[in-house]
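Step one of this worksheet: look at the structure below.
The values are calculated or read from the model by the stated rules, or taken from the named source; none is laboratory data. The structure displayed is predicted, hence computed values, not measured ones. Cβ atoms come from the backbone with ideal geometry, glycine included; neighbour counts cover every protein chain shown. Note: areas computed on protein heavy atoms with side chains; ligands, DNA, RNA excluded. Shrake-Rupley method; radii C 1.70, N 1.55, O 1.52, S 1.80 Å.
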Amino acid sequence: MRTSALITGASRGIGRAIAAALAREGWPVCVNYLEHRDAAEALVRELRDQCRAAMAFRADVADREAVAAMVRAASEELGPVELLVNNAGISCQGLFQDLDGAAWERLLAVNLTGPRNAVQAVLPHMLREKRGCIVNISSIWGLRGGSCETAYAVTKAGIIGLTRSLALELAPSGIRVNCVAPGCIETDMVRALSPETRAMLAEETPMGRLGRPEEIAEAAAFLASRRASFITGQVLTADGGFTV
């Protein structure tokens with residue numbers, strides 16, 4: 001039976017690179033997006049031109065019913081979802097004392113409740129078949145904290161806790177759960193920072209540069225592969241030495 005991979009927040013940046021990497025490894029991929037329909041559909045066309053199975057689906061990961069509908073659609077068109085990559089996320093820069101309630105709730109809804117919604121939607125099939133893989137995308141800020149990104153760091157630390165706890169809970173059912181913690185990567189989120197801040201981050205990285213989305217994608221693809229068949233509950237940090 002053909003099975004599929006669902007990548008949330010996959011129209012751009014790290015998510016897009018992960019979808020492309022998994023497609024190269026033979027996975028039919030569902031490209032989730034919320035706002036960037038043109039980018040998501042362009043990726044799907046590109047993959048189909050390479051004779052790879054792909055579809056795009058618009059869903060706000062914070063919406064439980066929308067996520068459930070997406071999983072049903074992906075399962076019907078591509079095959080049951082046996083690989084979930086929780087990549088969708090938003091950030092918010094600023095002093096914690098200035099963070100309003102709406103911004104806090106939206107960060108929690110997308111960055112933490114979104115993965116909850118996605119995992120619960122795909123688990124029935126995985127538990128029934130006693131196999132499956134979940135890869136969560138956290139951040140080095142979830143490991144070490146981030147000044148002026150407190151709320152974002154809190155949610156990414158929560159993703160690490162979710163990864164480790166789910167790994168313990170699901171291992172007896174043959175389901176692996178791991179996490180990638182990217183460092184400073186050339187994405188729209190980082191490009192929104194000032195040139196001075198980006199230069200400072202590159203200088204603070206021992207490898208002397210920002211990372212590329214494709215480098216994070218390779219880490220996620222490894223954790224999703226049979227090469228990592230005895231790895232679960234782990235956080236793979238890909239940050240050019242930033243947190244060493």
Practice item. Could you compute the FRET efficiency for R37 and E196, with r as their C-beta to C-beta distance and R0 at 35 Å, rounded to 0.05? Key: 0.55
Revision key, fill the gap. If one compares the long axis through the Cα atoms of helix 114-129 with the longest principal axis of the Cα atoms of the chain, the angle in degrees, nearest 10, works out at 30
**Study point:** the chain - percent of accessible surface contributed by carbon and sulfur, probe 1.4 Å
**Key:** 52
Review point. For segment 136-190, what does the alpha-carbon gyration tensor say about shape, rounded, prolate or oblate, given a ≥ b ≥ c as the root eigenvalues, a/c under 1.5 as rounded, and a/b over b/c as prolate?
Key: prolate
Point to revise | D100 accessible area, assembled protein chains, probe 1.4 Å, Å² | key: 90
Point to revise | Probe 1.4 Å - accessible area at C179, Å² to nearest ten | key: 0
Review point. So between R209 and Q234, what do we pick up on full extension, going 0.36 nm a residue minus the alpha carbon distance?
Key: 6.5 nm
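Among 37-44, 17-24, 72-79, 1-8, how do they line up by average Cβ neighbours within 10 Å per residue, starting with the highest?
17-24, 1-8, 37-44, 72-79
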Revision key, fill the gap. For the chain, longest principal axis from Cα atoms; helix 13-24 axis from its Cα atoms; angle between them, nearest 10 degrees, is 30
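When only DSSP loop residues count, what trypsin sites (Lys or Arg not before Pro) in segment 118-198 have their Cβ near at most 11 other Cβ atoms within 10 Å?
Sites meeting the loop and neighbour criteria: K130.
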Revision key, fill the gap. Longest principal axis of the chain (C-alpha) makes with the long axis of helix 150-170 (C-alpha) an angle, in degrees to the nearest 10, of 30
Practice item. Any chance you could check the Cα centroid distance between segment 2-17 and segment 114-154 for me, in angstrom? Key: 14
Practice item. Quick one: which residues, 5 or more positions from F57 or on another chain, have an amide H under 5 Å from its amide H? H modelled 1.01 Å from N in the peptide plane, none for Pro or chain starts. Key: V31, N32, Y33
**Study point:** Probe 1.4 Å, protein heavy atoms only - accessible area per residue of the chain in square angstrom
**Key:** 47
Practice item. Enter the Cα centre distance for the pair segment 185-202 and segment 53-112, rounded to the nearest angstrom. Key: 24
Exercise for review: Decide, for segment 117-244, between rounded, prolate and oblate: order the square roots of the alpha carbon gyration tensor eigenvalues as a ≥ b ≥ c, take rounded if a/c falls under 1.5, and otherwise choose prolate if a/b is larger than b/c, else oblate.
Suggested key: prolate
Point to revise | Selection from F230, F242, L201, by position along the positive dipole direction of segment 184-244 (Cβ) | key: F230
Check your understanding: Short version: ³J(HN,Hα) in whole Hz for each residue of segment 192-198, in order, from phi by Karplus 6.51 cos²θ - 1.76 cosθ + 1.60 (θ = phi - 60°), x for Gly and Pro, what are they?
Key -> 6, 6, 5, x, 5, 5, 5
Check your understanding: What do you reckon, how do F230, F57 stack up by accessible area (1.4 Å probe), largest on top?
Key -> F230, F57
